[in-house]
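Below you'll find the structure, written out as structure tokens, and then a few comments.
Taken together, the values in this text are just the output of simple stated rules run on the coordinates, not laboratory data. The shown structure was predicted, so the numbers you read here are calculated from the model rather than taken from an experiment. Here the Cβ positions follow ideal geometry from the backbone for every residue, glycine too, while neighbour counts run over all protein chains shown.
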Amino acid sequence: MEPKKPDKSIVGKDRKRTHVILFLVTLLTTTLAGSEWIYGRSFVFGSWPMGWREFIGGFEFSIPFLAILTAHEFGHYFTAGHHKVKVSLPFYIPFWTGFILLPSIGTFGAFIRIREKVKSGIQNFDIGIAGPLAGFVMALIVLLYGFTHLPPKEHIYSIHPEYEVFGTDFDKYIYTQDTFVLKTDVEKYNPEYAKYLPDTIRFSPDLPNIAIGSTLLFGFFKNNIVPELHKDRIPNDFEIMHYPWLLAGFLALFFTALNLLPIGQLDGGHVIYGLFGSKNHAIISRVFFIALVYYSGLGLISPFETPGGPDVTGYLIYIPLYIFFLYYMFAKLVGSKMTRLLWAVGIFATQFFTLQFFPEIEGYHGWLLFAFIIGRFIGIDYPAAQIEEPLDVNRQVLGWIALIVFIICFSPAPLIITGV
């Protein structure tokens, strides 16, 4: 007896149910994470608990952020449908840490699964470029709303009641000099909050603080979109995470730039392949990947201060570990083990000696994680399409627009942590 074939309608319903559940869980986790960024506290840890009011406030982050993420993924989805390429609905990836040790944004993003081989280079180009452009348009809407609906500067008192001691000039004291506030001073403004504070609160530029970086586009919104009458409402970079629409918009710009990196089979890789062809893609992809690794690792091991202390012990431990890390990262860059080792040693040596002449330069080490994922798992190369066709003029224009979007969305240092 032949085995009974599964009912395709049931399989389809099961798949849709999976997508819906993942989306709802991601909505929950991004709302929790958004609340924690907005209020600077945790639902799980700490003596000052958060409740339903804070949870509801988290939707001001999760809804605009997921709207941008969804626009990105359905840009891919509908363009694939237009080309009759079978793809899945978006898989959303929830991730939440409780805002302890490793703050999260509630998700690792989303992806669609292509269920058949894409045969045409034009199809690859269209599907690849549609996602970041759709997400970018939604990000513009979110940022426009966020910068035109900024609350009064005193809004920050609802997050940091201790700032009220300084008045509206609080940012002149908190981030630039060693400053102390007594618990008894805060009690005058917010006695309920003060009971969770130590007797003395210290604000110091030497203590850890997290600031949002900037991009050309984010800076444009700051300088040109906010009405002159409300310029004082623009938050300090150290406080932007407490403004959910601005945080969602900035993160959207960051992920747009990340997807448009002109490397491998990232969305930017599709654009480069379509605009410049296979041979030029191989060159551009490698140049950008090496540049990304070089920049992100600058200053990780300094010739002036070893990670292990003032003697050579740190060098003996950390230099071999870092070179092995680079060697492991370059798995898909070069095949030969010896060539890979030479690349790893060469990159480290270049970084090390750059600091001899420019000791003030420091890269953004956070980019190393993305470089590692690209170099070890995603890959640098681009498989040739079965059908190679030149892009028409309209697609070439869209390709160049995508490259401009990458430039204005890219931030050399997306998240700045000072005092560590």
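Side notes on the structure shown:
- Cα point-scatterer Debye curve for the stretch 375-420, base-10 log of I(q)/I(0) at q = 0.18, 0.26, 0.30 Å⁻¹: -0.90, -1.00, -1.00
- Taking a sphere under 12 Å around the Cβ of Phe255 and counting the other residues whose Cβ falls inside, with K and R at +1 and D and E at -1, yields a net charge of -2.
- Ratio of the Cα radius of gyration of the stretch 153-207 to 2.2 N^0.38 Å, where N counts its residues: 1.05
- Span from the the stretch 203-257 Cα centroid across to the the stretch 138-202 one, whole angstrom: 16 Å
- Taking Kirkwood radius over Cα pairs in Å as calculated from this structure, the corresponding entry among (i) 24.1; (ii) 22.1; (iii) 23.0 is (i).
- Of the peptides 217-228, 396-407, the ranking by mean beta-carbon count within 10 Å, highest at the top, reads 396-407, 217-228.
- Electrostatic dipole magnitude of the chain [Cβ: Lys, Arg +1; Asp, Glu -1; Cα centre; debye, to 20]: 2040 debye
- Cα centroid separation - the stretch 43-118 against the stretch 364-420, whole Å: 20 Å
- Taking every DSSP beta bridge that has both ends in the chain, the antiparallel portion is near 95%.
- Which of Tyr382, Phe372, Tyr315, positive extreme of dipole for the stretch 277-387 (C-beta unit charges): Tyr382
- Short to long, the 10 Å bins of the Cα pair-distance histogram for the stretch 61-138 hold 19, 43, 26, 10, 2 percent of all pairs.
- Computed P(r) (all Cα pairs; the stretch 42-182; 5 Å bins; percent): 2, 8, 12, 13, 13, 14, 11, 8, 6, 5, 4, 2, 1, 0
- Stokes-Einstein diffusion coefficient of the stretch 277-387, Kirkwood radius over Cα pairs, 20 °C, 1.002 mPa s, in µm²/s: 144 µm²/s
- Too-long pairs where the Cα-Cα distance tops 23 Å, listed order kept, from Lys183/Lys222; Lys119/Lys337; Lys153/Lys222; Lys172/Lys231; Lys16/Lys84: Lys183/Lys222; Lys119/Lys337
- Applying a DSSP loop filter and a limit of 10 other Cβ atoms within 10 Å to the GluC sites (Glu not before Pro) in the stretch 50-118 leaves Glu116.
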